[in-house]
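Let me begin by presenting the structure, written as structure tokens, before commenting on it.
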Amino acid sequence: MKKQKVTIILVIALLLLGVVSFGIYSFVNSKDGGKTEEIELFSCVPSAISVYSVKDGENEYTLVKKDSVWSVEGNEVAVLDQKLVQEIVNSASLIVSQGKLKERELKEFEMTGVQSLEIKLENGMSFKVTFLGQKGETCVARVNGKEELYVLRKSVRDILVADLDKLRVSLVFEGLGKSDAVLTSYRFVDYDGSETRIRTKNAQEISRNGENRYIMDAPYKKDVDDEKFEQQIVVRIPAIATTKYVDDFPDNLADYGLDRESRAVLSFRWGEKEEVLYLGAEESGMVHAVKEGKDGVFVINASQLEFLRTEPFYLLESGILRSEIENVSKITVETGKDTFVVTRSADKKFFYVNGKTASEAAFGAVAERLGDLELLSEVIDTPENKRDVCVTVVFDNGTASQNISLSKINDKEYAAFINGTAEFTVAGETVDELLEELRAVNNNPMKTDEKG
């Protein structure tokens, strides 16, 4: 008997424990807005959606589809990222609620500004969801103006009523990064009017020096170091992106520093595509910009545009010769005390130093030292052309002769007057090595008894 009583007591205890547990579970679920029960609010195939309208305070827009391409109704300026738009339309094709909410439970939600989405289908049917407030990771909404309240995930709402800027093309020059074409011309005019112009060489220029693809026309007329130009400039252009759009229909571009007198200009040709971008005033780290032929003003993070102010000097090929060393046929060097004339015959079989028969090694050694004359820096204050060392170089490939006058500035550098213009300095050490080599081959034109 005692055993039966104990068993009954245990059963009653378990039942009571179950009732208490159920009460606690019900209370917890009640605090969370009720047990989760998914309810399908809207469903269709994505391709059936033809109009997508969002209202969220000032963020109000309507997307319309024509021939499978989405655009902003009444706004020809906005260019949409079709992939992003389609992703949102796909999300909107199935909207599911986590359950219903009682009217008295609405007070637990923080009321927000009314946000709404209206979807229209190709067959004329429409669906509208209005978001009223949020609580934690959930939000509450009404459907098609009816009284029922539904709970949805806040992340779903944020996707469905995305800001228009998030759907617009973010890259300023869309498609360049995927193109097999190459940049053929580049021009940047800064706010102060200073200009950099670089282009691919023509056939004649390549015949003179085929080591470089690009040549600079301004501010210097000189070959460009292809690798430096491509790394510093070319690869950065396709990555320029908008941060946001600020004015699709500006009344006055001067308000953004984009009037002709104030703006900077980036223009280039990439394959068959020509682009012009105007850059205006900077505000809080953002630069206002507009593309030629477009009305919409947008902003770009200023850090993305720093590459445009790369000093042109640092993009130049370092050597000072107009053509490759292999094309040099005659070198004349005058120092005031000495004159050296180093030549080779047209068939490249005979070599001479000051009229004396010389070896190919002697000619090659002088030409190599001449090629070592490289740009050291830009000339800031043009010095007097003292003509301490005068070099005349003759080429055999049709390139015009080059006259280089070197004027000593100090022990470490010479100002190089190239064809009468002093734009750069060269290292004094390389000039000294050239003169030393000339003296050596003058004394030993056959370069005999030398090692290496």
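The values are calculated or read from the model by the stated rules, or taken from the named source; none is laboratory data. Nothing here was measured: the structure is a model prediction, and the numbers come from that model. Backbone-built Cβ (ideal geometry, glycine too); neighbour counts: all protein chains shown. In case anyone asks, the SASA skips ligands and DNA or RNA and just uses the protein heavy atoms, side chains included. Shrake-Rupley method; radii C 1.70, N 1.55, O 1.52, S 1.80 Å.
Solvent exposure of the stretch 280-343, expressed per residue, is 47 Å² of accessible area, with all protein chains present and a 1.4 angstrom probe.
Think of the stretch 28-181 as having a plus end and a minus end, set by charges on the Cβ of Lys, Arg, Asp and Glu; of Asn75, Val161, Asn144, Asn144 sits farthest toward the positive end of this dipole.
Carbon and sulfur: what percent of the stretch 141-298's accessible surface (1.4 Å probe)? Using a 1.4 Å probe with all protein chains present, the stretch 141-298 comes out at 44 percent carbon and sulfur. Computed on the stretch 168-241, with alpha-carbon pairs under 8 angstrom and 6+ residues apart, the relative contact order is 33 percent. Within the chain, the whole DSSP H helices whose Cα atoms reach 27 Å or more along their own axis and whose mean Kyte-Doolittle score is at least 0.5 are 2-31. Per residue, the stretch 359-442 exposes an accessible area of 46 Å² to a 1.4 Å probe, with every protein chain left in place.
Shown here for the stretch 266-332: GluC sites (Glu not before Pro) in loop regions (DSSP other than H, G, I, E, B) with at most 12 other Cβ atoms within 10 Å, namely Glu272, Glu292.
Each of Leu132, Leu117, Tyr61 was scored by the projection of its Cα onto the charge dipole of the stretch 56-167, and the greatest displacement toward the positive side belongs to Leu132; charges sit on the C-beta of Lys, Arg, Asp and Glu.
When you filter the trypsin sites (Lys or Arg not before Pro) in the stretch 67-136 for DSSP loop state and at most 13 other Cβ atoms inside 10 Å of their Cβ, you are left with Lys102.
Take the stretch 56-205 with all the other protein chains still there, run a 1.4 Å probe, and you get 55 Å² of accessible area per residue. Under 8 Å for C-alpha pairs, at least 6 residues apart: give me the relative contact order for the chain, rounded to a whole percent. Across the chain, relative contact order equals 9 percent. For the stretch 388-452, the fraction of 1.4 Å probe accessible surface lying on carbon and sulfur atoms is 45 percent. Rounded, prolate or oblate for the stretch 324-427? Axes are the square roots of the Cα gyration tensor eigenvalues, ordered a ≥ b ≥ c, and the cut-off for rounded is a/c under 1.5. Note, shape of the stretch 324-427 comes out prolate. Applying the criteria of a DSSP loop state and at most 14 other Cβ atoms within 10 Å to the trypsin sites (Lys or Arg not before Pro) of the stretch 248-293 yields Arg260. Between the stretch 78-111 and the stretch 150-199, the alpha-carbon centres lie 27 Å apart.
Starting from 0.36 nm per residue, how many nanometres of slack lie between Val182 and Asn123 once their C-alpha separation is accounted for?
Taking Val182 through Asn123 to full extension adds about 16.6 nm, to one decimal.
Using a/c under 1.5 as the rounded threshold, could you call the stretch 172-212 rounded, prolate or oblate? The axes a ≥ b ≥ c are square roots of the C-alpha gyration tensor eigenvalues, and prolate needs a/b larger than b/c, oblate otherwise. Oblate is the answer for the stretch 172-212, as a/c is 1.5 or above yet b/c matches or exceeds a/b.
If you take the square roots of the eigenvalues of the alpha-carbon gyration tensor of the chain and sort them as a ≥ b ≥ c, do you get rounded (a/c under 1.5), prolate (a/b over b/c) or oblate? Judged from the Cα gyration tensor, the chain comes out prolate (a/c at least 1.5, a/b above b/c). Summing charges over neighbours of Lys120, with a neighbour being any other residue whose Cβ is under 12 Å away from its Cβ, gives -1 when K and R count +1 and D and E count -1.
Relative contact order for the stretch 307-436: 23 percent, from Cα pairs under 8 Å spaced at least 6 residues apart, divided by residue count.
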